[in-house]
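See below for the structure under consideration.
Where a number appears in this text, it was derived from the coordinates with a stated rule and is not lab data. Everything numeric here is computed off the predicted structure, so don't read it as measured data. Don't worry about glycine lacking a Cβ; one is built from the backbone with ideal geometry, like all the others, and counts go over all protein chains shown.
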Amino acid sequence: MSVGLSGCDEANVTVNGESGVPLSELDMTGDAPTEVLLAGPDTIVITDGTKLAIDVEGDAKTVAAMRFSLKDGTLAIMRAKGNWKDGGKATVNITMPSPEALILAGSGTINAASLASQADVKILGSGKASTASIAADKLEVTVAGSGTYLASGVAKALDLTVAGSGSARMGGLKVETADIKIVGSGDAEFASDGTVDASIMGSGDVTITGRATCKVKSMGSGTVTCQNVTQETE
């Protein structure tokens with residue numbers, strides 16, 4: 001994931017140095033994107049398909065303010081400068097192959113049907129992302145802020161970081177191995193019958209259902225709920 005995101009708020013954002021164009025001006029003749037980025041308060045719905053297709057729903061003013069960029073494999077959706085506080089929200093419907101990466105910056109929502117076998121999810125802010133059906137060899141998830149990620153399916157390896165007060169609510173996701181880092185008051189849940197390494201700094205909580213064996217390093221009042229727990233010391 002090599003996306004350059006700049007701008008101190010949702011109102012003034014550029015991605016890979018671009019502020020985007022209206023959908024009617026977006027060149028979609030090349031390869032379908034592998035990554036999707038949302039910066040702003042809107043909603044993205046991603047449906048599986050072999051070719052890229054995009055349409056936007058919402059009131060006329062909000063739809064007119066939407067901007068799109070497709071560069072270096074990243075499809076970015078944002079607002080025209082200064083056009084995000086009018087109260088309206090748009091829904092962007094995207095058909096594309098299963099994305100390798102989802103990036104959510106701001107207060108919006110991304111709902112994806114699936115992810116690629118090697119996938120990376122980043123939630124930076126207060127937004128919410130979800131994936132209905134995961135079948136991954138490796139899944140990396142970062143929740144930085146107060147956002148939420150929801151997921152179901154299976155993954156051979158999970159690498160999860162929650163920094164802040166966010167949540168990774170993945171009770172329907174079963175993994176073989178997991179490396180978990182919680183910094184702050186955030187929480188996480190998932191299922192495993194394999195091995196889990198967990199590090200907690202703060203008051204966050206991790207709940208693992210199943211028959212997992214967990215090695216835990218903790219500083220603070222945070223807890224790990226797991227069938228077999230080994231507490232490690234520094």
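For the chain, the Cβ-based charge dipole about the Cα centre amounts to some 340 debye (Lys, Arg positive; Asp, Glu negative; other atoms uncharged).
Given the alternatives [x] 58; [y] 51; [z] 67, percent of Cα pairs over 22 Å apart as computed for this entry is given by [y].
Taking amide hydrogens as placed 1.01 Å from N in the peptide plane, the amide H of Ala136 sits under 5 Å from those of Val154, Ala155, Lys156, each at least 5 positions away in sequence or on another chain. The Cβ shell under 14 Å around Met96 holds other residues with a net charge of -4, Lys and Arg each +1, Asp and Glu each -1. Within the straight-line cut-off of under 19 Å between alpha carbons, the lysines reachable from Lys215 are Lys156, Lys174, Lys181, sequence neighbours fewer than 8 places apart in one chain being disregarded.
One Cα centroid belongs to the stretch 201-234, the other to the stretch 58-118; the line between them spans 36 Å. Stretching Thr50 away from Val21 to a fully extended chain increases their span by 8.1 nm, per 0.36 nm per residue minus the current alpha-carbon distance. In plain terms, the residue of Met170, Met28, Met96, Met78 with the fewest other Cβ atoms within 10 Å comes first and the most crowded comes last, giving Met28, Met96, Met170, Met78.
Determine, for each peptide in 102-110, 195-203, the mean count of other beta carbons within 10 angstrom over its residues, then list the peptides with the highest first. Don't jump to the answer; show the numbers that get you there.
Details: 102-110: 24.4, 195-203: 19.3.
Result, highest mean first: 102-110, 195-203.
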